[in-house]
Amino acid sequence: MTKAFDDKVVLVTGASRGIGKATALAFASQGASLVLAARSARRLDQVRNDIHDRGGEAISVPTDITSTEEVAALVDAAMTRYGRIDVLVNNAGIGHVGAADDPRFGTDLHDTLQASLFGAIRLTQQVLPILRRQQSGSIVNMSSVMGRKAFARFGGYAIVMHGVSAFTDALRQELAGTNIAVSVIHPALTATDLLREVDETQMPPPFRHMTPLSAEEVGEAVVKAVRRGTPRVILPRRAGLLLLGEAVSPRLGDLIASALTRRPLARLMGFSRGRTYHQTLAARTDTTPPDTTPRRSGHQLPTTSTR
Ligand SMILES: NC(=O)c1ccc[n+]([C@@H]2O[C@H](COP(=O)([O-])OP(=O)(O)OC[C@H]3O[C@@H](n4cnc5c(N)ncnc54)[C@H](OP(=O)(O)O)[C@@H]3O)[C@@H](O)[C@H]2O)c1
């Protein structure tokens, strides 16, 4: 039986866990050959082995996307193995929580920019000439609902996610008519390790009662966006209400965000349907132990600050 991504090569960053891993597995189940990138070699190899065990094809290329040299080596490895790249998913990233007057705000913002925005820009600049030569391809950038509406104490992260969103919007227009599709994904809170270390009481207020999406839901949405060439995906769709409110007036956007901090209202709006983020993580059985193997370069582990 033919599958939608037979003979296609998909490069996913941040593929060692969470949304990136789920996205890689979703593409593999559709016949794609995967190039898996993240810093932790052991976790990446586990994902590659998972794909092989399911009859798929993948290589793992330990990469720190904050390093220009490592990004170049990643693209080289993909081209040496497969000779083409059809889909690039810029998903790797980190998240910090902290108010604007927190002394670490600037440092955290700098680190997040390096990993989540400049990493994507760096890799896109390396892959774009290949897609242009092939005269086809897709680029998917992972933003967040906060790439359209910031929440209190998540300003730094929201700045970066707005950047990812703006970069994607400009790129899509620059590539109009080239047969290279560009998509941006805006998921709401998702049950991954991104905010695992953040104490429940320190979470941005609208998140406290929110039932997170699963990484698999986001991964499937990425595959669908590439199949359909959808320019922008908001997950869940009801989060579009918040963004619509914000577009009409920041006061209305803030009002909806503040309504989400009350459980009955969050439930009424469909955002609180069961377990919260921390309850979901606590109930998870597939947690991977921390990777203690040395990284390829001296950059920091993704950290989430609890303040
Ligand atoms: N979880 C959410 O609520 C949510 C919502 C909306 C959007 N997002 C976005 O979705 C993306 C994926 O996050 P996630 O939720 O799946 O978080 P996660 O479970 O923490 O995964 C982050 C991934 O990025 C990789 N990574 C981090 N820094 C890197 C670097 N310098 N070089 C290469 N890889 C790096 C990590 O691998 P290594 O540590 O092995 O390098 C890991 O594979 C992020 O861009 C995030 O902003 C998340």
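None of the figures in this text is laboratory data; all of them are computed from the coordinates on show. Bear in mind the structure is a predicted one, so any value in this text is a computation, not a measurement. Note that each Cβ is placed from the backbone with ideal geometry, even for glycine, and that neighbours are counted across all protein chains shown.
Could you give the nm distance between label points at residue 251 and residue 166, where each point is 7 Å from its Cα heading toward the beta carbon?
For the pair residue 251/residue 166, the computed spacing is 2.6 nm.
So in region 1-79, what percent of DSSP beta bridges are antiparallel if you round to the nearest 5?
0 percent
Find the Cα radius of gyration of the chain, compare it with 2.2 N^0.38 Å by division, and give the number to two decimals.
Working it through for the chain, the quotient is 0.96.
So, by mean Cβ neighbours within 10 angstrom, what's the order for 271-281, 245-255, 183-193 with the highest one leading?
The densest-packed peptide leads the list: 183-193, 271-281, 245-255.
Determine ³J(HN,Hα), in whole Hz, for all residues of region 117-130 in sequence, where each value follows from phi through the Karplus function 6.51 cos²θ - 1.76 cosθ + 1.60 and θ = phi - 60°; x replaces Gly and Pro.
These are the phi-based 3J(HN,Hα) values: 10, 5, x, 5, 5, 3, 5, 4, 5, 7, 8, 3, x, 5 Hz.
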